[in-house]
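Quick notes on the structure that follows.
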Amino acid sequence: MTAQNQPALALPVVDEELATRLQARMAEVEEALTGHIVSEADFVTTAARHLMNAGGKRFRPLLVLLAAETGPNAASDDVVTAACVVELTHLASLYHDDVMDEADLRRGADSANSRWDNHVAILTGDFLFSKSSELTADLGADAVRIQAKTFTKLVEGQILETLVPAPDADPIAHHLRVVAGKTGSLIATSALYGARFAGAPREIEDALAAYGEIVGAAFQLSDDILDIASESDESGKTPGTDLREGVPTLPVLLAQRSADPADARLLELLGTDLDDDVRHAEALELLRAHPAMNEARAYVVARATEAKELLKVLPEGPVRIALEGFADLVATRTA
Ligand code: FPP
Ligand code: MG
């Protein structure tokens, strides 16, 4: 706990006044979220609160609040509602994602599919998405349109991930499209919503939306690097899951471009089903030591730098510094 007895922010904010304000606003978001996830059926409330109570960094609502600091009405109720909309949409997608990935762990807790079953996980995701949609309606028709388009991109990204790119397509370009859709879209909307509902000028709204899309993609790419690099389940997820499930990630795609004979064993393993524990462990070890890991990290850092360039439309000061810090944190995260 920090000043005013509020939980610490997932982002270190240097300016004390800004940090205190954001912490207080995050506490409001947290309380609102708990209130929104209530069903007439107690079991649905329990299942829906399961992952929310398990933790999570709350990056998306925090970005809404931070982006709102660029406008004159950062303290408006609509900003808190928008923060709840993005977190509930994200939470809903996690319930579905863990079914698709057959994941056992999420946020250090049993995933809903493992705690209950796939049906409960899917329907709880639907319930959370419906709650998010109800709240979006309170924000007006434009917000509903933005949310609908965001959701289209998110689902398209998730579907594209399950498809093998056409033989003449660049697998890395395909992957970056997947990442922009499944993660960049909602993080872009988080930044846009913050600016919009705080009444920031259009130029700032556009810059923040573009910044959010890049930071969001970088966030996902870092997440995928961590899935390979982390030794334990410190991320609250089981490491190596993408590899086991055969989900393509940037380090794997970069390694697969190698023509170095020393990579023959890794490439052979990557071309097979890695559900087998021994082969999975061998592939993970070879991949961790492969230069593709640093190449992927360098790509993420370059994207974060690109995102920070877009912030030049903002006046210099604590909010811009915090948004720059957000991009840096995403690029270099270790958990
Ligand atoms: C995490 O990816 C997943 C997403 C960013 C989005 C998933 C979206 C869906 C499943 C569609 C949701 C549909 C509804 C109706 C709510 P990941 O598996 O790469 O990340 P992880 O390591 O956190 O699991
Ligand atoms: Mg997953």
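Just one of the numbered conditions (1) in contact (Cβ under 8 Å) with a residue 40 or more places away in the chain; (2) open to solvent by 50 Å² or more (accessible area, probe 1.4 Å); (3) under 29 Å from residue 107 (Cα atoms) is not true of residue 310: (3).
Is it the case that the range 180-187 has a residue that's more than 24 Å from residue 89 (Cα to Cα), more than 16 Å from ligand 2 (Cβ to nearest atom) and of a type in the set (A, V, I, L, M, F, W, C)? No - not one qualifying residue is present in the range 180-187.
Condition check ((1) within 16 Å of ligand 2 (Cβ to nearest atom); (2) within 19 Å of residue 94 (Cβ to Cβ); (3) at pLDDT below 95; (4) aromatic (Phe, Trp, Tyr)) across all residues:
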| residue | (1), (2), (3), (4) |
| --- | --- |
| 201 | no, no, no, no |
| 223 | yes, yes, yes, no |
| 228 | yes, no, yes, no |
| 233 | yes, yes, yes, no |
| 240 | yes, yes, yes, no |
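I'm checking my understanding of the structure. Among residues of the range 229-250 that are assigned to a helix (DSSP H, G or I) and within 11 Å of ligand 1 (Cβ to nearest atom), which one is nearest to residue 51 (Cα to Cα)? Outline the logic, then answer.
Restricting attention to the range 229-250, the residues satisfying the condition of being assigned to a helix (DSSP H, G or I) are 229, 241-245, 250.
Then drop every residue that is not within 11 Å of ligand 1 (Cβ to nearest atom), which leaves 241-242, 245.
Details: 241: 19, 242: 20, 245: 22 Å.
Result: 241.
Checked against (1) free of Cβ contacts under 8 Å to residues at least 40 places away in the same chain; (2) more than 16 Å from the chain's Cα centre (by Cα); (3) under 24 Å from residue 215 (Cα atoms), residue 69 meets all criteria but (1).
Tell me, which helices (runs of 4 or more DSSP H) lie completely within the range 54-139 with 3 or more residues that are open to solvent by less than 30 Å² (accessible area, probe 1.4 Å)? Spell out the reasoning first.
On the way: elements: 59-68, 77-101, 112-115, 118-138.
Here the list reads 59-68, 77-101, 118-138.
Scanning the range 182-203 for residues being of a type outside the set (S, T, N, Q), part of a helix (DSSP H, G or I) and buried (at least 24 other Cβ atoms within 10 Å of the Cβ) gives a total of 11. Return yes or no: is residue 126 modelled with pLDDT of 95 or more, under 17 Å from residue 84 (Cα atoms) and acidic (Asp, Glu)? Judged against the criteria, residue 126 is a match. Does residue 282 satisfy the criteria of being among the acidic types (Asp, Glu), loosely packed, with under 12 Cβ neighbours inside 10 Å and over 26 Å from the mean Cα position of the chain (by Cα)? So residue 282 fails the test.
Taken over the range 150-172, residues that are in contact with a Ser or Thr (Cβ under 8 Å, 6 or more places away or on another chain) and open to solvent by 50 Å² or more (accessible area, probe 1.4 Å) amount to 2.
The values are calculated or read from the model by the stated rules, or taken from the named source; none is laboratory data. Just so we're clear, the structure is a prediction, and the values are computed from it rather than from any experiment. Neighbour counts run over all protein chains shown; Cβ positions are idealised from the backbone, glycine included. Side chains included, ligands, DNA and RNA excluded: accessible areas come from the protein's heavy atoms. Shrake-Rupley method; radii C 1.70, N 1.55, O 1.52, S 1.80 Å.
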